[in-house]
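Data first, discussion second: the structure below is written as structure tokens.
The values are calculated or read from the model by the stated rules, or taken from the named source; none is laboratory data. This one's a predicted model, so the numbers in the text were calculated from it and none came from an experiment. Here Cβ is always computed from backbone atoms with ideal geometry, including for glycine, and neighbour counts include all displayed protein chains.
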Amino acid sequence: MLLGVSSDPVRSNATVIGFGSNTGDRLNGVIGAVDVKHLIIHQPSPPTEGAMFRDRKNNYSVKLTAVCDSALRFTYIKVGRAHDAAAFKSSDIASEILRHPGNHFPDNTLMIGDSAYPLGPNLITPFPESQCVLDSCKRTFNCVHSSTKMAIERAFDVLVARWRFTSKYIYMLDQLKINEVITGCCIFHNMCIDLGDTGYTDTVHVQDRSAAVPEDEEAPDVGGSSRRVTIFEELMRRRSRRGTARGGSRATTTRDRRITRTRIRNR
């Protein structure tokens, strides 16, 4: 379900600025981050269907696939039981947004996700660990990518903080109603943000996993490898220019101090 993906260049530009406003290192052009949240539920009925809802921790759960913007507002949601990548492939994002990027990614913008998602021109994933072992620049890129993607993790945490019954156990038996309730929570979450209720965004703290090791095996590349390289090179150039500027500034400050000390001794 699309909740707010906008083709308005002005709104998209504000989102891009928002994703880069909290850190000196940023990925240019990001308007969304995608991830999955597992929500624990009661054993589905009939019991024969329970196996389809088992997650990797052996809990019964449904999976909320979502995209958020820099204000932690959900722009897309889908509730289901499929694996992260499978849920994405069957979603409206894969079938509509990525196939018709011009309608949803103005000015060649993009969204980011982890290595479970397919690398595409408008969906950028981190470099696999096998490429980062001997390449510190790619490790840096992955750290910046992870820090930027933390927006969706914060959005999930704010959602759960607002609707506490979703935090541990959703005691409902009707799968359709579970999906409707979770969808409603996401819609009200957006309404709270639009009305200026940002109290939970100030109290939620997400663990920084920018140094986490990505999956060594990444999902198939569907045409995004060259785009990722371009973004990677842009990031490295900005870091290089900033490092040069700081070095020049330090050199100038040191020289000025030496001149001042010389003048004081000559008085």
State whether one or more residues within the range 79-98 are modelled with pLDDT of 70 or more, among the aromatic types (Phe, Trp, Tyr) and under 16 Å from residue 37 (Cβ atoms). no
Which members of the range 197-225 meet the condition of being of a type outside the set (A, V, I, L, M, F, W, C) and either at pLDDT 90 or above or in contact with a strand residue (DSSP E or B) (Cβ under 7 Å, 6 or more places away or on another chain) (or both)? 218, 221, 223, 224, 225
For the range 167-186, give me each residue that is in a helix (DSSP H, G or I), surrounded by 13 or more Cβ atoms within 10 Å (Cβ to Cβ) and aliphatic (A, V, I, L, M). 178, 181, 182
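Quick check on this structure: which one of 184, 196 is over 20 Å from the mean Cα position of the chain (by Cα) and more than 20 Å from residue 35 (Cα to Cα)? Show your work before the answer.
Details: 184 fails: more than 20 Å from residue 35 (Cα to Cα).
Of 184, 196, the one residue that is over 20 Å from the mean Cα position of the chain (by Cα) and more than 20 Å from residue 35 (Cα to Cα) is 196.
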What pairs come up if the first residue lies in the range 100-128 and is farther than 14 Å from residue 27 by Cβ and without any contact (Cβ under 8 Å) to a residue 60 or more places away in the chain, the second is of a type outside the set (Ser, Thr, Tyr) and assigned to a loop (DSSP other than H, G, I, E, B), and their beta carbons are under 7 Å apart, counting only those six or more places apart or on different chains? 101/121; 101/122
Give all pairs with beta carbons closer than 7 Å in which a residue from the range 51-71 that is in contact (Cβ under 8 Å) with a residue 40 or more places away in the chain meets a residue that is surrounded by 14 or more Cβ atoms within 10 Å (Cβ to Cβ) and of a type in the set (S, T, N, Q); count only pairs at least 6 apart in sequence or on separate chains. 67/75; 68/75; 69/15; 69/75; 70/15
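Does residue 141 satisfy being at pLDDT 90 or above and more than 19 Å from residue 20 (Cα to Cα)? Talk me through it step by step, then tell me what you get.
On the way: at pLDDT 90 or above: yes; more than 19 Å from residue 20 (Cα to Cα): no.
The answer is no for residue 141.
Taking the options 45, 70, name whichever one is in a loop (DSSP other than H, G, I, E, B), surrounded by 20 or more Cβ atoms within 10 Å (Cβ to Cβ) and either modelled with pLDDT under 75 or in contact with a Gly (Cβ under 8 Å, 6 or more places away or on another chain) (or both). Walk me through how you get there before you give the answer.
Working: 45 fails: surrounded by 20 or more Cβ atoms within 10 Å (Cβ to Cβ).
Answer to the selection: 70.
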Of (1) under 15 Å from residue 224 (Cβ atoms); (2) hydrophobic (A, V, I, L, M, F, W, C); (3) surrounded by 22 or more Cβ atoms within 10 Å (Cβ to Cβ), residue 156 fails just (1)
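Would you point out the residue of the range 122-150, among those that are in a helix (DSSP H, G or I) and in contact with a Ser or Thr (Cβ under 6 Å, 6 or more places away or on another chain), that is farthest from residue 33 (Cα to Cα)?
At the first step, the residues of the range 122-150 found to be in a helix (DSSP H, G or I) are 129-131, 136-150.
Those still in the list that are in contact with a Ser or Thr (Cβ under 6 Å, 6 or more places away or on another chain) too: 143, 146-147.
On the way: 143: 15, 146: 10, 147: 11 Å.
Of everything passing the filter in the range 122-150, 143 is farthest from residue 33 (Cα to Cα).
Go through the range 50-67 and give me each residue that's modelled with pLDDT of 85 or more and not hydrophobic (A, V, I, L, M, F, W, C). Full working, then the answer.
Going residue by residue through the range 50-67, those that are modelled with pLDDT of 85 or more are 61-67.
Across the range 50-67, the qualifying residues are 61, 63, 65.
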